[in-house]
Amino acid sequence: MADQKKKKLPPEAQAYQSFQQKREVKRPIFKNCVKAFFVGGFICFIGQIISTFYIYNFNFTEQTVGNPTVATLIFFTMLLTGFGIYDRMGQFAGAGTAVPVTGFGNAVISSAIEYRTEGFILGVGSNMLKLAGPVIVYGVFAAFVIAIIKTILIQWGGL
């Protein structure tokens, strides 16, 4: 049934499609995955060093050290993005720099830098969360749904 819905391409389009497939650059998927794994892991390693620093020097506990660690990682990401270093890291490692929380900081500051010429209110302020806004919205919504489910389970005596 799905084959019936497919449209038959004209011969010129088929010829162009085969021409395109022959000349398409093959991506090194395994190599990209390895780079993303190691760079993302290194970012997490730096986060662990920051957490350990806060625990031993500022008397945070393992339960309370998460927020200052995340804030520090985002701050350093924003600095590196402002100097153009994080973008080069992103070109090298791809998802390895986008998946950790540092990708959030990069998305926020990149939008702010891009629209800074339009002013602080209409440029930076209105466009800063253009990329990161949906992440925040869905994150807050998911946390709300999970909290409701947990509350219901606790009320029923499940947890």
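Points to keep in mind about this one:
- Inter-residue pairs, beta-carbon under 7 Å, first of a type outside the set (Gly, Ala, Ser) and in region 21-34, second not in a helix (DSSP H, G or I), 6+ apart: Asn32/Gly94
- Scan of region 43-59 for residues that are without any contact (Cβ under 8 Å) to a residue 24 or more places away in the chain and under 15 Å from Thr102 (Cβ atoms), ordered by number: Phe45, Gln48, Ile49, Ile50, Ser51
- Any chance Gln63 is outside the structural domain of Ala107 (by TED's automatic domain parsing) and either without any contact (Cβ under 8 Å) to a residue 40 or more places away in the chain or out of contact with any strand residue (DSSP E or B) (no Cβ under 9 Å at 6 or more places or on another chain) (or both): no
- Considering the conditions (1) modelled with pLDDT under 85; (2) over 28 Å from Phe37 (Cβ atoms); (3) not hydroxyl-bearing (Ser, Thr, Tyr), Pro100 is excluded by exactly one of them, (2).
- Selection of region 52-94 for residues being β-branched (Val, Ile, Thr) and surrounded by 14 or more Cβ atoms within 10 Å (Cβ to Cβ) yields Ile55, Val65, Thr69, Val70, Thr72, Ile74, Thr77, Thr81.
- Output for region 95-130, where each listed residue is over 10 Å from the mean Cα position of the chain (by Cα), touching a residue at least 24 places away in the same chain (Cβ under 8 Å) and either surrounded by fewer than 15 Cβ atoms within 10 Å (Cβ to Cβ) or more than 15 Å from Ala71 (Cα to Cα) (or both): Ser110, Ile113
The values are calculated or read from the model by the stated rules, or taken from the named source; none is laboratory data. Values in this document were obtained by computation on a predicted structure and should not be read as measured data. So basically every Cβ, Gly included, is an ideal-geometry build from the backbone, and we count neighbours across all protein chains shown.
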